[in-house]
Amino acid sequence: MTRRHFLSSTGLGVAGLLGSTGLVPDFAQAAAGSRKRPNIVLIMADDMGFSDIGCYGSEISTPNLDSLAAKGVRFTQFYSYARCCPTRASLLTGLHPHQAGVGHMVGDYKVPGYRGFLNDRCVTLAEVLREAGYHTLMSGKWHVGEQRPHWPVDRGFERYFGLISGASNYFRLETGRTFARDDQPYTPDSSGFYITDAFGEAACQYVEEYAAKEDPFFLYLAFTSPHWPLHAWPEDIARYRGKYLGGWDELRERRY
């Protein structure tokens with residue numbers, strides 16, 4: 001099965017799925033210009049628990065996410081894989097992670113389900129939407145391919161800013177970790193740097209730039225937070241000091 005064959009069959013399947021949820025209109029209608037295609041923003045939080053945001057019972061203040069939830073849809077059932085990179089592979093392709101080549105982590109075990117990068121038997125949301133006329137933008141953690149040609153810009157994203165690797169110190173890039181801007185390695189200035197803020201600011205810049213363009217955009221904003229090492233600004237930590245002294249059992253009951 002060639003990549004082109006897979007694109008023609010699965011690519012339309014992905015588009016049809018998105019169309020059925022109202023995220024993207026049918027390709028034929030879009031081509032005919034029967035209605036304006038929406039901009040799409042997909043935000044991912046890394047290793048976050050089901051009840052870690054306010055609208056699901058958390059004691060953590062998440063007012064912006066709560067506002068989005070109040071105006072939209074909240075799922076009562078949602079499935080992810082046990083690790084961050086297989087989950088990302090599924091989110092980006094609509095496939096089980098082994099089908100996409102990321103059955104474990106990013107090590108290459110030389111067998112199809114465990115290559116450690118998105119293989120050439122799948123297509124990403126960015127590849128499908130870019131072919132449909134969308135600008136495709138990404139800010140954040142990639143972690144489904146450490147080396148070229150497996151970076152975001154190789155898999156359909158026209159712009160990228162973020163961490164190629166799986167995790168890093170939030171306040172500085174650690175040795176051995178790869179950060180990139182578009183198709184080039186990039187080392188962020190550690191002065192005042194905080195990775196969550198950096199990803200958010202880059203995403204906002206993309207929105208401001210591409211919202212003014214005629215064609216719609218797809219933005220994938222993939223945070224590292226709250227993945228370890230669980231770094232936060234001191235003032236954010238201070239707000240929650242003492243809240244967890246009751247232990248996990250008490251916390252579960254309060255959230256429930």
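The values are calculated or read from the model by the stated rules, or taken from the named source; none is laboratory data. Nothing here was measured: the structure is a model prediction, and the numbers come from that model. Every residue, glycine among them, receives a Cβ derived from its backbone with ideal geometry; neighbour counts consider all protein chains shown. When the accessible area is computed, the model is the full protein with side chains, heavy atoms only, and any ligands, DNA or RNA have been set aside. Shrake-Rupley method; radii C 1.70, N 1.55, O 1.52, S 1.80 Å.
Here are the numbers for this structure:
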read-out: For segment 152-256: accessible area per residue (Å², 1.4 Å); value: 58 Å²
read-out: Rounded FRET efficiency, nearest 0.05, which uses the C-beta distance separating Ala70 from His104 and R0 of 45 Å; value: 0.75
read-out: Virtual spin-label span in nm between Phe50 and Asp189, 7 Å along Cα→Cβ; value: 4.5 nm
read-out: Rounded to the nearest 20 debye, dipole of the chain from Cβ charges on Lys, Arg, Asp, Glu; value: 580 debye
read-out: Positive dipole terminus of the chain, leading residue within Leu42, Thr87, Ala211 (C-beta point charges); value: Thr87
read-out: Rg over Rh, two decimals, segment 118-173 (C-alpha only, Kirkwood Rh); value: 1.01
read-out: Contour minus Cα-Cα distance for Thr196 and Tyr240 (0.36 nm per residue); value: 14.0 nm
read-out: Formal net charge of residues neighbouring Leu65 (Cβ-Cβ distance under 13 Å; K, R +1; D, E -1); value: 0
read-out: Relative packing of peptides 143-151, 103-111 - highest average C-beta neighbours within 10 Å first; value: 143-151, 103-111
read-out: Segment 102-233: C-alpha pair distances exceeding 21 Å, %; value: 42 percent
read-out: Ranked by how many other beta carbons lie within 10 Å on average, peptides 45-55, 239-249 from highest; value: 45-55, 239-249
read-out: Dipole-positive endmost among Tyr134, Phe75, Ser58 within the chain (Cβ charges, Cα centre); value: Phe75
read-out: Overall Cα dimensions of the chain - principal axes, largest extent first, Å; value: 56, 42, 35
read-out: Net charge of Cβ neighbours under 11 Å - reference Ala45; Lys, Arg +1; Asp, Glu -1; value: -2
read-out: Cys204 paired with Gln147, simple spin-label distance in nm, labels 7 Å along Cα-to-beta-carbon; value: 3.8 nm
read-out: Within-10-Å neighbourhood charge of Ile164 [Cβ basis; K, R +1; D, E -1]; value: +2
